[in-house]
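Below: one structure, written as structure tokens.
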Amino acid sequence: MLTILFDGIAYGMLLFILACGLTVTLGLMNFINLAHGAFAMAGGYVTVVMMNRYGISFYWCLPAAFLVSALIGLLLERTLYQWLYQASHLDQVLFSIGIVFMAIAATDYFMGGQQQLINLPPELSGRMDVFGVGIGRYRLFTIIICAVLAVALQLILSKTRFGSRLRAAVDDRRVAMGLGINVPLVFALTFAFGSGLAGLGGAMGAEILGLDPNFPLKFMIYFLIVVSVGGTSTVSGPFLAALLLGIADVAGKYYVPAIGPFVIYALMIVMLIVRPNGLFSRGGR
């Protein structure tokens with residue numbers, strides 16, 4: 001039971017890192033970016049190419065995946081996304097879904113449709129026993145990295161001048177610009193940062209979740225579940241939601257494999273009935 005709990009926490013942490021960028025763009029920027037998984041896939045393929053073709057260390061691949069995904073996000077934000085900030089949510093959904101299918105087709109063309117595998121460093125492979133509990137080394141590494149990122153993200157958004165400018169730009173764009181805030185720059189950096197986090201999550205999740213061209217579609221619903229259950233006004237809500245959903249998903253697939261995949265959806269329905277606006281969201285329209 002403790003081993004399942006540990007694996008569920010690791011899975012939940014990974015879901016949070018994959019989804020927290022969507023929390024930023026959807027909750028703070030009010031932009032429905034369903035192509036978020038495409039940036040995660042980009043980070044995963046950067047890791048695969050660097051490790052399998054060039055023999056670069058896994059530890060160097062993680063910051064590279066973040067930077068490459070952030071640069072792709074910055075480029076797309078400046079050329080495409082910025083024109084849709086004031087568009088309807090339907091337009092945003094249709095546009096981002098189009099980006100998803102274009103990313104899938106391009107990845108399949110250049111990288112092939114097969115499952116991609118990576119070889120973790122020896123120190124991150126296998127399991128170790130701690131008081132009789134089997135703990136995967138890579139899952140422990142994932143928990144540590146994701147916990148640090150969660151704390152850092154919360155501090156950046158709530159305690160820094162940039163976080164204050166971002167919230168002001170979202171609440172009232174015209175007033176923020178009148179106060180001297182460079183709103184386009186703030187939005188561009190925020191979108192790039194969210195895309196970079198997705199890429200980092202994709203790099204870390206390549207070994208646990210698997211990686212193929214359909215990655216953005218397979219895990220899109222998981223990103224949306226984490227954000228909808230956790231709420232979009234804070235980082236703490238999606239963090240707790242990801243942990244609960246990760247544990248429920250792993251435990252459900254282990255104890256009731258016949259209906260395991262449905263456990264996470266049942267939990268989502270119950271939680272949204274109890275807290276329609278998310279775990280820590282303020283009530284709103």
message: The conditions are (1) at pLDDT 90 or above; (2) open to solvent by less than 40 Å² (accessible area, probe 1.4 Å); (3) over 14 Å from the mean Cα position of the chain (by Cα), and ASN214 fails exactly one of them. Which is it?
response: (2)
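Of everything in segment 220-238, what is open to solvent by 20 Å² or more (accessible area, probe 1.4 Å), touching a Leu at 6+ places or on another chain (Cβ under 9 Å) and of a type outside the set (Ser, Thr, Tyr)? Give them in sequence order.
If the condition is that a residue be open to solvent by 20 Å² or more (accessible area, probe 1.4 Å), touching a Leu at 6+ places or on another chain (Cβ under 9 Å) and of a type outside the set (Ser, Thr, Tyr), then MET220, LEU224 are the ones that fit.
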task: State the number of residues belonging to segment 169-205 that are under 13 Å from the mean Cα position of the chain (by Cα) and over 21 Å from LEU26 (Cβ atoms).
output: 2
message: Return the residues of segment 84-109 that are part of a loop (DSSP other than H, G, I, E, B) and either open to solvent by 40 Å² or more (accessible area, probe 1.4 Å) or not hydroxyl-bearing (Ser, Thr, Tyr) (or both); say none if nothing qualifies.
response: GLN86, ALA87, SER88
message: Among (1) surrounded by fewer than 14 Cβ atoms within 10 Å (Cβ to Cβ); (2) over 18 Å from the mean Cα position of the chain (by Cα), there is one condition PRO63 misses while meeting the rest; what is its number?
response: (2)
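Output the residues belonging to segment 247-285 that are modelled with pLDDT under 80 and either under 16 Å from the mean Cα position of the chain (by Cα) or part of a helix (DSSP H, G or I) (or both).
Residues satisfying the conditions are GLY260, PRO261.
Scanning segment 239-281 for residues that are hydrophobic (A, V, I, L, M, F, W, C) and in contact with an Asp or Glu (Cβ under 8 Å, 6 or more places away or on another chain), which turns out farthest from LEU149 (Cα to Cα)?
As a first pass, look at segment 239-281 and keep what is hydrophobic (A, V, I, L, M, F, W, C): 239-245, 247-248, 250-251, 256, 258-259, 262-264, 266-274, 279-280.
Remaining after also requiring in contact with an Asp or Glu (Cβ under 8 Å, 6 or more places away or on another chain): 250, 263-264.
Working: VAL250: 23, VAL263: 28, ILE264: 24 Å.
If we take residues in segment 239-281 being hydrophobic (A, V, I, L, M, F, W, C) and in contact with an Asp or Glu (Cβ under 8 Å, 6 or more places away or on another chain), then VAL263 is farthest from LEU149 (Cα to Cα).
So that you can scan it fast, the table gives a plain yes or no per residue for (1) over 30 Å from TYR254 (Cα atoms); (2) among the small types (Gly, Ala, Ser); (3) open to solvent by 30 Å² or more (accessible area, probe 1.4 Å); (4) at pLDDT 90 or above:
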| position | (1), (2), (3), (4) |
| --- | --- |
| GLY12 | no, yes, no, yes |
| LEU26 | yes, no, yes, no |
| HIS36 | no, no, no, yes |
| GLY43 | no, yes, no, yes |
| VAL49 | yes, no, yes, yes |
| GLY55 | yes, yes, yes, yes |
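Among what's in segment 214-246 and is among the β-branched types (Val, Ile, Thr) and part of a helix (DSSP H, G or I), pick the residue that is nearest to PRO276 (Cα to Cα). Spell out how you get there, then give the answer.
If we filter segment 214-246 for residues that are among the β-branched types (Val, Ile, Thr), which is where we start, we get 221, 225-227, 229, 232, 234-235.
Okay, now just the ones that are also part of a helix (DSSP H, G or I), so 221, 225-227, 229.
On the way: ILE221: 18, ILE225: 12, VAL226: 13, VAL227: 12, VAL229: 8 Å.
Across segment 214-246, the extreme among qualifying residues is VAL229.
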- prompt: Does GLY132 meet the test of being of a type outside the set (Ser, Thr, Tyr) and farther than 25 Å from CYS20 by Cα?
  reply: yes
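Counting just the residues of segment 73-97 that are free of Cβ contacts under 8 Å to residues at least 12 places away in the same chain and closer than 22 Å to MET41 by Cα, which one comes out farthest from the chain's Cα centre (by Cα)?
Applying the first criterion (free of Cβ contacts under 8 Å to residues at least 12 places away in the same chain) to segment 73-97 yields 75, 79, 83, 86-88, 90-91, 94.
Still in the list and also closer than 22 Å to MET41 by Cα: 75, 79, 94.
Values: LEU75: 19, THR79: 22, LEU94: 20 Å.
Result: THR79.
The values are calculated or read from the model by the stated rules, or taken from the named source; none is laboratory data. All values reported here derive from a predicted model rather than from experimental measurement. Here Cβ is always computed from backbone atoms with ideal geometry, including for glycine, and neighbour counts include all displayed protein chains. Each accessible area value is taken on the protein alone, full model and side chains, heavy atoms only, with ligands, DNA and RNA left out. Shrake-Rupley method; radii C 1.70, N 1.55, O 1.52, S 1.80 Å.
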